[in-house]
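Here is the structure we will look at.
Where a number appears in this text, it was derived from the coordinates with a stated rule and is not lab data. Because the structure is a prediction, the values reported are computed rather than measured. Using ideal geometry, Cβ is built from the backbone for each residue, glycine included, and neighbour counts are taken over all protein chains shown.
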Amino acid sequence: MPVTYKDQITIEKTPGYFVTKDAPRRIFAMDPATKLLLVVRDPVTRSISDYCQAATKHAMRPYEEMALLDESLGLVNTSWGAIKIGVYAKHIDRWLQVFPLSQIHIVDGERLIEQPAQELAKVENFLGLPRFINDAHFYLRGFKGKFPCLLRDGRPHCLGEKTKGRDHPVVKESVLERLRDFYRPFNAKFYQIVGKNFGWS
Ligand SMILES: Nc1ncnc2c1ncn2[C@@H]1O[C@H](COP(=O)(O)OS(=O)(=O)O)[C@@H](OP(=O)(O)O)[C@H]1O
């Protein structure tokens, strides 16, 4: 981590840490006062997003074939990373064996898109920062008619067109249903652990 002054906060973003076995212990060893931010979204949508990202790197079979080992039996491919990562309850549990929940703030990824200023106000609060960010910092639905862009000098700056907001494939409703059923108990457990219901279907 870079050296910082007392009045500065260093933020590091590595989504992979959430599912890396040794990450909680190693981060705690580096600084036990570290505050953790976790951005989550509906795990079914997350897996499709993950699939889209992987499909830009190598050829992939259709999502339905990847997500289910046997479509007629509805057997979920729990060894596929895109599915495994969405079992948030399991991963958060590992972090909570090391960090207290009070040091973890969960950001609602869907609300971050809809109401970025409100979600980031909670982050400012969690980090102990004075309130600074407000609606005027954003151009809502500026990217692909859906995602917020940052307003700088009155001009919108959107996140990378190639890496964000990719079009998701249309997935068979029966497969989506099966995945929702699969995640439901894990989601409920996650809501219970973190004390917040994200309302995923
Ligand atoms: N403001 C804004 N602009 C564009 N995209 C936004 C924004 N806020 C959140 N998102 C969501 O970010 C998703 C991609 O995030 P990732 O963490 O997977 O991206 S990356 O791995 O760091 O490239 C991306 O997922 P996909 O829509 O599946 O591409 C978006 O839903």
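What is the P(r) of the stretch 132-201, as percent of Cα-Cα pairs per 5 Å bin from 0?
The distribution over the stretch 132-201 is 3, 13, 14, 11, 12, 18, 16, 8, 3, 0, given as percents.
Find the centroid of the Cα atoms in the stretch 30-83 and in the stretch 87-106, then give the distance between the two in whole Å.
19 Å
Compute the Cα gyration tensor for the stretch 95-154, then decide on rounded, prolate or oblate, letting a ≥ b ≥ c be the square roots of its eigenvalues: rounded whenever a/c is under 1.5, prolate when a/b is larger than b/c in the other cases, and oblate in all that remain. Working shown, then result.
Numbers: a/c = 3.68, a/b = 1.81, b/c = 2.03.
It comes out oblate by the Cα gyration axes.
Among the aspartates and glutamates, select those whose C-alpha is under 12 Å from the C-alpha of Lys196, and discard any that sit fewer than 8 residues away in the same chain.
Once the sequence-local aspartates and glutamates are set aside, what remains near Lys196 is Asp108.
Taking a ≥ b ≥ c as the square roots of the Cα gyration tensor eigenvalues, with a/c under 1.5 meaning rounded and otherwise prolate when a/b beats b/c, else oblate, which class fits the stretch 74-177? Can you show the working numbers first?
Details: a/c = 2.92, a/b = 1.23, b/c = 2.38.
In terms of gyration-tensor shape, oblate.
Which is farthest toward the positive dipole end of the chain among Ile9, Val123, Val40, measuring Cα position about the Cα centre, with Cβ charges +1 (Lys, Arg) and -1 (Asp, Glu)?
Ile9
Taking the Cα centre of the stretch 21-123 as origin and charging only Cβ (+1 Lys, Arg; -1 Asp, Glu), how large is the dipole, in debye to the nearest 20? Please list the in-between numbers first.
Working: 13 positive and 13 negative charges, 104 e Å.
It comes to approximately 500 debye.
Looking only at the chain, where both bridge partners belong to it, what percent of the DSSP beta bridges are antiparallel (to the nearest 5)? Numbers along the way, then the final one.
Details: 8 of 13 bridges.
Restricted to the chain, the bridges split so that about 60 percent are antiparallel.
Counting each DSSP H run of 4 or more residues in the chain as -39500 (n - 2.57), what helix-only mean residue ellipticity at 222 nm follows after dividing by all residues, to the nearest 500 deg cm²/dmol?
Values: 8 runs with 79 residues, N = 201.
The per-residue figure over the chain is -11500 deg cm²/dmol.
If you keep only loop residues by DSSP, which chymotrypsin sites (Phe, Trp or Tyr not before Pro) in the stretch 1-100 have at most 12 other Cβ atoms within 10 Å of their Cβ?
Tyr5
Name every cysteine in the chain that ends up alone, with no second cysteine's Cβ under 4.7 Å, or say none.
Isolated Cys, the chain: Cys52.
Taking the alpha carbon gyration tensor of the chain, what are the square roots of 5 times its eigenvalues, largest first, to the nearest whole Å?
Numbers: eigenvalues 180, 109, 51 Å².
Taking √(5λ) for each Cα gyration eigenvalue gives 30, 23, 16 Å.
Treating only the Cα positions of the stretch 31-122 as identical point scatterers, give the base-10 log of I(q)/I(0) from the Debye formula at each q in 0.10, 0.15, 0.18 Å⁻¹.
-0.37, -0.75, -0.94
Which angle between 0 and 90 degrees, to the nearest 10, do you get for helix 116-127 versus the longest principal axis of the chain when only C-alpha atoms count?
Once rounded, one gets 60 degrees.
Among Pro130, Pro43, Pro148, which one shows the highest mean-square fluctuation when the chain is modelled as a Gaussian network with alpha-carbon springs under 10 Å?
Pro130
How would you order 187-198, 152-163 from highest to lowest mean count of nearby Cβ atoms within 10 Å? Before the final figure, lay out the partial values.
Numbers: 187-198: 15.7, 152-163: 9.9.
Put in order of decreasing packing, that is 187-198, 152-163.
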